[in-house]
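Quick notes on the structure that follows.
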Amino acid sequence: MARDRLSGKLAVILHADVAGSTELVQQDKELAHERIQDSFRRFHDTIEKYQGHVLELRGDALLAKFEHAVDAVSAALSFQVNHSCYNSEVNDDLHPTIRVGIAMGEVVIADDTVTGTGVVQAQRVEQLAAPGGVCITAAIQEDIPKRMPVDLENLGEKSLKGFEYPVRVFRAEIRPGESIPPPQEVSQAKASPKTPKLVVGIIVIALVIVGGAVYWFKTQVPREESASIESMAYPLPDKPSIVVLPFTNMSDDPKQEYFVDGMTEDLITDLSKISGLFVIARNSAFSYKGQQVKVRQVAEELGVKYVMEGSVRRAGDEVRINAQLIDAITGGHIWAERYDGSLEDVFAMQDEVTREIVNALEIHLTPAEETTRTTVTTSDPQAHDAFLKGWQHYRKHTPDDFAKAVPLLKLAIELDPNHARARAALAAVYWESFRNYWHVHSLGLSWEEWVPIMARYQQEAMKTPTALAHQVASDMAVRRLASLSETALVEAEQAIALDGNNPAGYLAKANALLKVGKAAEALENVHTAMRLDPHYPASYLSPLASAQLSLGRFQDAAVTLTRAADRSPSDDWIFVLLGAAYGHLGQEQDAMLAVNKANELRSNIGSSELTLNALGDDYRWVGDLKPLREGLVKAGVKSDTNWLGLVTRKSDKYVVEGATTIDATSAKSLYDQDVPFIDTGNDFRKGHIPGAHHHLWYFGGPTFNEIVLSRTFEKSNALVIYGPMRNIDEFIYPAYASAMAVSWGFKKVYYFADGLPAWKAAGFPIEIGKQADR
């Protein structure tokens, strides 16, 4: 009867065959078969001694599986040595010579047939081995202890038939003058999670009795080169400090990088929530991704005592995690473990790693932290997988990647409506798209469409808020009305309470403190963020410089902003701040150059030239505006208030000097003459005059400015400017826009004062839903 199907089991696979078997059979068929069978019987016995299991033995080939790479390599090399000696004692030339390949991957057993990616890869690798030799993949090489007496020759990346990506292969040989440890010693040297606890206890007790436990660990486990406290870039924190380096993707599929990176981030996030730990931020940890760095270097550059590193292999639904924790000061390995499981076990495995670290460092968790540690954001592996893919795109922070992140994050929420991290990430994508003026490109939304969607996603995120959800809420409050200053501060403090090692929370708090005029406290929070993220990006330098400007530390601000400009030369706001700093220092030429550079960058994104009146209350998030304005005055920035004098209010209407005020009938007449219409409101898609151009008006706005209008319209031709006119405040927007157009030299500006309501009341056509210009 056929066996039940066993699918997707991750294992170490050994494949062996006889080199030149056809020639042997041609010499003496019966004797060749006898000696081949005898060779494989002896190999079978060796495999079982090293805890392996032979799956198939057919003709001139053998297939076996192991739980541990060290067992498979030890069995193969031990057999090859013994088999070579055996052949040397045979008097004739009929010597079966065995080639061995070892790989790691899936093994599938169904209907008495053994197959799977691991089996196929082991077969392909075996074909690269010389007669009497052993070849292994990089996954096996990474998994065997460094103390093993084995020389490994890197044969480079090999293209294997049936595999999309090249696989790195090594030739394994016993080191000259050494021998492979017998099976019992190999087993004792392993750190297997499946070793019975009773056996482990007996071994430990025996070692303690003979006084050798500590000596054994120190001599058997290779030590790292120790870090020097004196050489550290930062003083060690007053609590255990750790960095989790990006885990290595040991899967055969490079596309699994998102999964491995996501697992590393999950561990960083879980550890960051523990108040008794100092955890280096993801940004700095990932600056070492793909680099061959020593533990000592990492510890000294980041100022931490402990370094965690590891690898992840995913094959189908099976996952293997290898992790180790190193004391960088002593160079000793505190803890190392391997975990095997399915995708459904990933959350439990990550929790186990976190628990082991907490125990190893003797960290005391508060009751709240105990509860948080055992709470997962989702128990659905597919939802988690979709989230990790979306999160990878969000982290890249480009308009195109934001566009790719949205459907993946929505899928995660669809699979698990309670996925708090996915909801927070979706809100962050929408908010940051708007902040960077990417909402049209990355989201395909006009401003008026973006507003209700953003509000809905943020409300969803705040139902079960994460630290990221609070950070977004704080930043939204900072950049809106002054009345929301306290809200911004409360939200930032909530973010820090949920994740005390996340620098984004401290930056959010710094911006909130700047808005309420507490620059000194803001400076402290920026410095805290920088210590948690020593390889911080240029974006940290802007709030740092803003605080320095507000405190009158102009030389410090100039130094900070010069560094920022070198690292982020396309950020116009950095040059605005730099111009103010140089202005206060009396460096007029440098100040003017900085402002000119800011205006050049603003022009590239369609914004108008910098003016003092553009720095209204909306810019209070940069801190006290007085030093900024005074510095910019010294840098030669002028007040753009001439157009304001063109607007006067009469009763409930506005009059614009230099523009012709028209009613609906006159507007329709101009419309019939194909005069272009400009809608300045924020509900363009809900209804507008057919064919109208949308240029949203607000102080310092990116779309209604001289550069944009001059690119679109001839200054000698007529323009009609109107707005939605839902209340008296909105009457001022098209009036201001008309005044600006007059001041920029447009000769025939028509101010349609009653706007869209009057057009509708006259029965003229309305267009709904058309994509806005900007």
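The values are calculated or read from the model by the stated rules, or taken from the named source; none is laboratory data. Remember, predicted model here, so these are calculated numbers, not experimental data. Glycine also receives a Cβ, built like all others from the backbone with ideal geometry; neighbour counts cover every protein chain displayed. Protein only, heavy atoms only, side chains kept; ligands, DNA and RNA dropped before computing areas. Shrake-Rupley method; radii C 1.70, N 1.55, O 1.52, S 1.80 Å.
To the nearest ten degrees, helix 588-604 and the longest principal axis of the Cα atoms of the chain are 80 degrees apart.
Between the range 526-554 and the range 33-79, what is the C-alpha centre distance in whole Å? Between the Cα centre of the range 526-554 and that of the range 33-79, the gap is 62 Å.
Based on the Cβ-Cβ distance of Glu153 and Thr330, what FRET efficiency does E = 1/(1 + (r/R0)^6) give at R0 = 35 Å, to the nearest 0.05?
Numbers: r = 32 Å, r/R0 = 0.92.
Once rounded, the FRET efficiency stands at 0.60.
With a 1.4 Å probe and all protein chains kept in place, how do His419, His364 rank by accessible area, largest first? Mind showing how you got there, number by number?
Values: His419 0, His364 150 Å².
The residues order as His364, His419, largest area first.
Projected over all directions and averaged, the alpha-carbon convex hull of the range 467-604 occupies 8.2 nm².
Give the shape of the range 508-580 as rounded, prolate or oblate, defined through the alpha-carbon gyration tensor: a ≥ b ≥ c are the square roots of its eigenvalues, a/c under 1.5 means rounded, and otherwise the shape is prolate if a/b is larger than b/c and oblate if not.
On the way: a/c = 1.75, a/b = 1.17, b/c = 1.49.
It comes out oblate by the Cα gyration axes.
Rounded to the nearest 20, the size of the Cβ-charge dipole of the chain about its Cα centre is 1980 debye, with Lys and Arg at +1 and Asp and Glu at -1. With Cα extents along the principal axes in Å in mind, check (i) 116, 59, 49; (ii) 157, 110, 50; (iii) 89, 68, 50 and report the label derived from this structure. Identified label for the calculated read-out: (i). Between the C-alpha center of the range 238-284 and that of the range 372-445 there is a gap of 19 Å.
Kindly identify the range 457-529 as rounded, prolate or oblate by the Cα gyration tensor criterion: order the square roots of the eigenvalues as a ≥ b ≥ c, call it rounded if a/c is under 1.5, otherwise compare a/b with b/c, prolate if a/b is larger, else oblate.
Working: a/c = 2.62, a/b = 1.23, b/c = 2.13.
Verdict is oblate for the range 457-529.
Remark: the Glu257-Asp672 segment gains 143.5 nm on full extension, using 0.36 nm per residue and subtracting the alpha carbon distance. As a test question: what accessible area, to the nearest 10 Å², does Thr665 have when a 1.4 Å probe is rolled over all protein chains in place? Per-residue accessible area (Thr665): approximately 100 Å².
Around Val429, what is the net charge, scoring Lys/Arg as +1 and Asp/Glu as -1 over all other residues with Cβ under 12 Å from its Cβ? Provide the component values of the computation, followed by the final result.
Values: positive: Arg395, Lys396, Lys404, Lys410, Arg423, Arg435; negative: Asp401, Glu432.
Around Val429, the charge tally is +4.
If you take the C-alpha gyration tensor of the range 1-94, multiply each eigenvalue by 5 and take the square root, what semi-axes do you get, largest first, in whole Å? Mind showing how you got there, number by number?
Working: eigenvalues 145, 60, 18 Å².
So the equivalent ellipsoid measures 27, 17, 10 Å along its semi-axes.
Along the charge dipole of the chain, which of Pro166, Gln127, Val406 sits closest to the positive end, that is, farthest toward it, with unit charges on the beta carbon of Lys, Arg, Asp and Glu (+1, +1, -1, -1)? The residue sitting farthest along the positive end of the dipole is Val406.
Classify the range 250-330 as rounded, prolate or oblate, taking a ≥ b ≥ c as the square roots of the eigenvalues of its Cα gyration tensor: rounded when a/c is under 1.5, otherwise prolate if a/b is larger than b/c and oblate if not. Here the range 250-330 falls in the prolate category.
Please compute the net charge surrounding Tyr86, taking Lys and Arg as +1 and Asp and Glu as -1 over other residues with Cβ under 15 Å from its Cβ.
-3
Between Val559 and Ser275, the distance separating the two model label sites (each 7 Å from Cα on the Cα→Cβ line) works out to 3.5 nm. Against the longest alpha carbon principal axis of the chain, how many degrees, from 0 to 90 and to the nearest 10, is the axis of helix 503-515 turned? Value to nearest ten degrees: 10. Annotation: Ser608 carries an accessible surface of approximately 30 Å², with a 1.4 Å probe and no ligand, DNA or RNA atoms counted. Taking label positions 7 Å along the Cα-Cβ direction at both Ser84 and Glu369, the computed distance is 5.4 nm, reported to one decimal. Given a 1.4 Å probe and the protein chains as shown, Ser639 ends up with an accessible area of around 60 Å². When the residues His441, His688, His527 are ordered by accessible surface, computed with a 1.4 Å probe over the protein chains alone, the sequence from largest down reads His441, His527, His688.
Axis of helix 519-532 versus longest Cα principal axis of the chain: the two differ by about 20°, to the nearest ten degrees.
Around Asn418, with a cut-off of 12 angstrom between Cβ atoms, what is the net charge of the other residues, counting Lys and Arg +1 and Asp and Glu -1? Before the final figure, lay out each step's value.
Numbers: positive: Arg421, Arg423, Lys463; negative: Asp380, Glu414, Asp416, Glu460.
Net local charge, Asn418 excluded: -1.
Ordered from highest to lowest accessible area with the whole protein assembly present and a 1.4 Å probe, Arg320, Arg567, Arg531 read as Arg567, Arg531, Arg320. Among the listed pairs Lys653/Lys748; Lys146/Lys305; Lys49/Lys255; Lys161/Lys404, those whose Cα-Cα separation exceeds 30 Å are Lys49/Lys255; Lys161/Lys404.
DSSP beta bridges confined to the chain are antiparallel in about 75 percent of cases.
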